[in-house]
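Colleague: Here it is, the structure, as structure tokens.
Please treat every number below as a calculation from the coordinates, not as lab data. Keep in mind that this is a model prediction, so the values were computed, not measured. Using ideal geometry, Cβ is built from the backbone for each residue, glycine included, and neighbour counts are taken over all protein chains shown.
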Amino acid sequence: MRTSIATPLILATACSLAASAQAAEWTMATPYGDASFHTKNTKQFAEDVAEATDDELTINVQSGGSLVSHGEIKPSVRRGTIDAGEVFLSVLSNDDPIFEVDTLPGVAGGYDEAYALWEATKPMITELFEEEGLIPLYAVAWPAQGIYTDEELSDPEQFDGLRVRAPNINTQRFIENLGGSPTETEESDIPTAFSTGRVDAMITSSSTGNSMSAWDYVSHYTDANLWLPKNIVFISQRSFDALDEDTQEALLEAAEKAEERGWEMSREDNEASLAKLEEEGITVAEPNDAVSEALQEAGDELFADWESRADDQAKEALESYRDQLDD
């Protein structure tokens, strides 16, 4: 009878194969380019996960809509085509009005309020994601939204017929309330939209204006502090369940760090972006009384529309947020 003796090389190879079999490699899609602080934060999150799990879980971040278009990211994660995604939360507003609550003017006027709003609405948003086999990991706010134009915005009548870039349905409604003509345009398509005359203006943050070199096609930024919308990063429940418990815990811990880091990055990016806009020749100013009044009226109309569509759970989440502010 022959006895087989395992050599160190054979044992090492077997261990290596076993480790490889357990390692997971995920694909994640984001519509934002590498210059965006959101993408930088997302890539740092992926690095943190790889380090914390000794490469037992690696996440390959595909940025700039290079893999999946913005509107297809959530369906792709749900179907299992990819494992993780990042989207502008309010693009999901057709699924439920709660997803657009952070794009209602006057609801949250600063970072502290925007974070409190996220905390108040997170349980409902998490529940809705779970119904589709998805797990929200973290959310990070953009700086407050303002208005980019190629002339000083001093009269509400300037909105009449103005073709304005709008990244989501709520911004489109807001522009229509002002008398403008909304045009849905992804961030990566902004330069082309201006150069071809598809848009004359845009509502977006200081950060996007900076990363998209807005000074190449506009001259003024009205810092209207309209709302602080969020991006949300989420994963497939199926992909998560396939991980061992230690890897799951490391992933969730990295997500907590990414959320905390992302909000701080947003604050810092806002300050740096406003300075860059001015440095490149863009005039940055707050809206005058007439424009502020028009924006307020358009916002009130937008909020009334939201209330007419929101269910009791969404309204209760908003009321919980407001009660928290009053405490």
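Colleague: Would you check which residues across region 296-327 are in a helix (DSSP H, G or I), touching a residue at least 12 places away in the same chain (Cβ under 8 Å) and more than 30 Å from TYR221 (Cβ to Cβ) and list them?
Modeller: Within region 296-327, ARG309, GLN313, ALA314, ALA317, SER320, GLN324 meet the criteria.
Colleague: Among the residues of region 44-68 satisfying the criterion of being touching a Pro at 6+ places or on another chain (Cβ under 9 Å) and touching a residue at least 40 places away in the same chain (Cβ under 8 Å), which is surrounded by the fewest Cβ atoms within 10 Å (Cβ to Cβ)? Full working, then the answer.
Modeller: Within region 44-68, the first condition is being touching a Pro at 6+ places or on another chain (Cβ under 9 Å), and the residues that meet it are 63-65, 68.
Add one more test, that the residue is touching a residue at least 40 places away in the same chain (Cβ under 8 Å), and what stays is 64-65.
On the way: GLY64: 17, GLY65: 20.
Among residues in region 44-68 that are touching a Pro at 6+ places or on another chain (Cβ under 9 Å) and touching a residue at least 40 places away in the same chain (Cβ under 8 Å), the one surrounded by the fewest Cβ atoms within 10 Å (Cβ to Cβ) is GLY64.
Colleague: List the strands (runs of 3 or more DSSP E) inside region 198-265, counting only whole elements, that have at least 1 residues being touching a Ser or Thr at 6+ places or on another chain (Cβ under 9 Å), within 30 Å of PHE174 (Cβ to Cβ) and free of Cβ contacts under 8 Å to residues at least 60 places away in the same chain.
Modeller: 201-205
Colleague: In contact with a Phe, Trp or Tyr (Cβ under 8 Å, 6 or more places away or on another chain), over 25 Å from LEU104 (Cβ atoms), among the polar types (S, T, N, Q) and without any contact (Cβ under 8 Å) to a residue 40 or more places away in the chain: is that true of SER195 in this structure? Please lay out each step first, then the result.
Modeller: Values: in contact with a Phe, Trp or Tyr (Cβ under 8 Å, 6 or more places away or on another chain): yes; over 25 Å from LEU104 (Cβ atoms): yes; among the polar types (S, T, N, Q): yes; without any contact (Cβ under 8 Å) to a residue 40 or more places away in the chain: yes.
Judged against the criteria, SER195 is a match.
Colleague: Within region 106-139, can you find the residues that are hydroxyl-bearing (Ser, Thr, Tyr) and within 19 Å of SER266 (Cα to Cα)? Reasoning before the result, please.
Modeller: First pass over region 106-139, keeping only residues hydroxyl-bearing (Ser, Thr, Tyr): 111, 115, 121, 126, 138.
Residues satisfying the conditions are TYR111, TYR115, TYR138.
Colleague: Here's something else I'd like to know. Look through TYR221, TYR217 and report the one residue that is among the hydroxyl-bearing types (Ser, Thr, Tyr) and surrounded by fewer than 21 Cβ atoms within 10 Å (Cβ to Cβ). Don't jump to the end; show me each part of the working.
Modeller: Details: TYR221 fails: surrounded by fewer than 21 Cβ atoms within 10 Å (Cβ to Cβ).
Only one candidate qualifies: TYR217.
Colleague: So, of the residues in region 86-133 that are among the hydroxyl-bearing types (Ser, Thr, Tyr) and closer than 25 Å to ASN177 by Cα, which turns out to be surrounded by the fewest Cβ atoms within 10 Å (Cβ to Cβ)?
Modeller: In the first step, residues of region 86-133 are kept if they are among the hydroxyl-bearing types (Ser, Thr, Tyr); the result is 90, 93, 103, 111, 115, 121, 126.
Retained after the next criterion (residues that are closer than 25 Å to ASN177 by Cα): 90, 93, 103.
Working: SER90: 22, SER93: 19, THR103: 28.
Checking each candidate, the answer is SER93.
Colleague: Here is a follow-up. Within the set of pairs 6+ apart or on separate chains, which have a first residue in region 141-166 that is closer than 21 Å to ASP216 by Cα and in contact (Cβ under 8 Å) with a residue 12 or more places away in the chain, a second that is part of a loop (DSSP other than H, G, I, E, B) and among the polar types (S, T, N, Q), and C-beta atoms under 7 Å apart?
Modeller: Between residues of region 141-166 that are closer than 21 Å to ASP216 by Cα and in contact (Cβ under 8 Å) with a residue 12 or more places away in the chain and residues that are part of a loop (DSSP other than H, G, I, E, B) and among the polar types (S, T, N, Q), the close pairs are ASP150/SER219; GLU151/SER219; ARG165/THR185.
Colleague: Further question on the same structure: Among the residues of region 178-188, is any surrounded by 19 or more Cβ atoms within 10 Å (Cβ to Cβ), β-branched (Val, Ile, Thr), under 20 Å from the mean Cα position of the chain (by Cα) and part of a loop (DSSP other than H, G, I, E, B)?
Modeller: There is at least one residue in region 178-188 that is surrounded by 19 or more Cβ atoms within 10 Å (Cβ to Cβ), β-branched (Val, Ile, Thr), under 20 Å from the mean Cα position of the chain (by Cα) and part of a loop (DSSP other than H, G, I, E, B).
Colleague: Tell me which residues, restricted to region 266-295, are out of contact with any Asp or Glu (no Cβ under 7 Å at 6 or more places or on another chain) and either closer than 27 Å to MET124 by Cβ or assigned to a loop (DSSP other than H, G, I, E, B) (or both).
Modeller: Across region 266-295, the qualifying residues are SER266, ARG267, GLU280, GLY281, ILE282, PRO287, ASN288.
Colleague: Going residue by residue through region 256-263, is there one that turns out to be over 23 Å from LEU89 (Cβ atoms) and surrounded by fewer than 21 Cβ atoms within 10 Å (Cβ to Cβ)? Write out each step before concluding.
Modeller: Step one: filter region 256-263 for residues over 23 Å from LEU89 (Cβ atoms), giving none.
Scanning region 256-263 turns up no residue that is over 23 Å from LEU89 (Cβ atoms) and surrounded by fewer than 21 Cβ atoms within 10 Å (Cβ to Cβ).
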